[in-house]
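See structure below.
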Amino acid sequence: MTIDNVEIVRNRISDVVVRVADTRRGRRDFVGLPWRIHDADPVWRPPLRRGVADGMRAASNPFHAEADITHFVAYRGGNEPVGRVAVTIDREYVHRYGDYGFFGFFESVDDVEVADALLTTAQHWAGARGASVLTGPYSYSPRHEMGLLVDGFDQPPTVMQPHNPPYYAALLEECGFRRRFDTTTYRWSRETDTERAERLVARARKVLASGRIRVRTPDMRRYDEELELLRRIYNDSFHDHPEHVPISAPVFGRIAADLKPVLDPELIRIVEIDGTACGFSMLVPDLNGVVPRSGRLTLPLLARLLCKRDHRIRGVDTAVVVMIGVAREQMGLGAGRVVAGEIANAVLSGRYRQVTTTWIHEHNHWSKALVAQMKSPPSRRYRVYEKAIE
């Protein structure tokens, strides 16, 4: 009997069937499940359906060439979608860290039978491909959204910040998953953090006064070249940091192509020492603030994207720090202080009402040292879980 047949027989006992989302209906159910779970939650911000659907397809998501990925949907009574999960074997992650499989895009009604059916299916699938531990949520990898929200449910998520009901943690723990590590996000505004931000800007100015270091915005006429420069610096900067896996040129190119319509060049800063780029900060406008509740690319949303003024999208008041980096050879020369000062400048400029971060690993001491200078408590906390595959 195959693994798939074992899963189907097992789940039918509890009237839950888990199926691979490899049909048109299955993909539609996978994409649409968050609305069944979160639609009554006023804090939740929907993803763009088109973005999730594109990510499922190898033809539009180059990460499929670097990983084995399968999507599953759980059904009750044969037809009612009640949960979903994606399972990934990231080959580069396995090479660096060991025989891990990832689960992600996890959604479930508040029913441990549904969660257990999904996660057991994920364990069987990953185990059959050599994984000895299942860990997550990673949707699809550390290069993408990751973590289960465990604190900060009262605040809306920004781009690249997952959101889930509070009961998800209990579901995972009842299914035998245990904490692997936590990550945190931070939020700053001109109204509450001016004094601390000004202090960081002043420190950066002292470094810039030497004349060796300068800061510039990207040349959008050479967009692809500039983004490739940031990719190389980022990969070098985080080479020894926890959970880091280098972002390949094809994957980063896809990310860059998706970001180009929404980017505000004033939110990207490139730091040069003696004319050589060695550091950067990359913030993006938080599109979550204007995506309609339907998650569809509507005409009003398209109009906002096409009719930007001074590169700003009407209605977007938050900028998100999605990536920073300083090349290892230039560590200790002041570039890190300049990067911190540029992020503080984004807080002070008034161009956006607030600045938030994406996840920061509990053992990422360099990034934690930067955010510690703002002396702000975390705004959201995420947890990554793991379970040995038997």
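Extension gain, D274 to H239, is 10.3 nm, computed as 0.36 nm per intervening residue step minus the present C-alpha separation. Calculation over all alpha carbon pairs of the range 317-388 in 5 angstrom steps from 0 returns a P(r) of 3, 12, 24, 24, 17, 10, 6, 2, 1, 0 percent. The length gained by stretching the chain between E80 and R328 to full extension, at 0.36 nm per residue less their Cα-Cα distance, is 84.1 nm. Evaluated at q = 0.06, 0.09, 0.10, 0.13 Å⁻¹, a Debye calculation over the C-alpha positions of the chain (equal weights, vacuum) places log10 I(q)/I(0) at -0.24, -0.54, -0.67, -1.11.
Here is the size of the range 3-184 from its Cα atoms: Rg then Dmax, 15.3, 42 Å. Computed packing ranks the peptides 365-373, 112-120 as 112-120, 365-373, most packed first, by mean other Cβ atoms within 10 Å.
Dividing the Cα radius of gyration by the Kirkwood radius, what Rg/Rh value follows for the range 139-184?
Numbers: Rg = 11.1 Å, Rh = 11.7 Å.
Using Cα coordinates only, the ratio equals 0.95.
Just round it to a whole percent: the fraction of Cα-Cα distances in the range 85-189 exceeding 24 Å. Summing the P(r) of the range 85-189 above 24 Å gives 23 percent of all pairs.
May I ask you to derive the FRET efficiency for R50 and A303 from their Cβ-Cβ distance with R0 = 22 Å, giving the value to the nearest 0.05?
Numbers: r = 17 Å, r/R0 = 0.76.
It comes out at approximately 0.85.
Over all pairs of different C-alpha atoms, the range 187-373 has a mean inverse distance whose reciprocal, the Kirkwood radius, equals 17.3 Å.
With Cα atoms defining each centre, the range 194-258 and the range 304-383 are spaced 11 Å apart in the structure.
Rounded to two decimal places and with Rh computed the Kirkwood way over Cα pairs, what is Rg over Rh for the range 176-266? Before the final figure, lay out each step's value.
On the way: Rg = 17.7 Å, Rh = 17.0 Å.
Expressed as Rg/Rh, it is 1.04.
If the label point is 7 Å along Cα→Cβ of Y97, which residues in the range 115-139 have backbone nitrogen under 15 Å from it? Residues 131-139 qualify, since their backbone N sits under 15 Å from the label point.
No lab work stands behind these numbers, since they all come straight from the coordinates. This one's a predicted model, so the numbers in the text were calculated from it and none came from an experiment. All Cβ positions, even for glycine, are placed from backbone atoms using ideal geometry, and neighbour counts span all protein chains on display.
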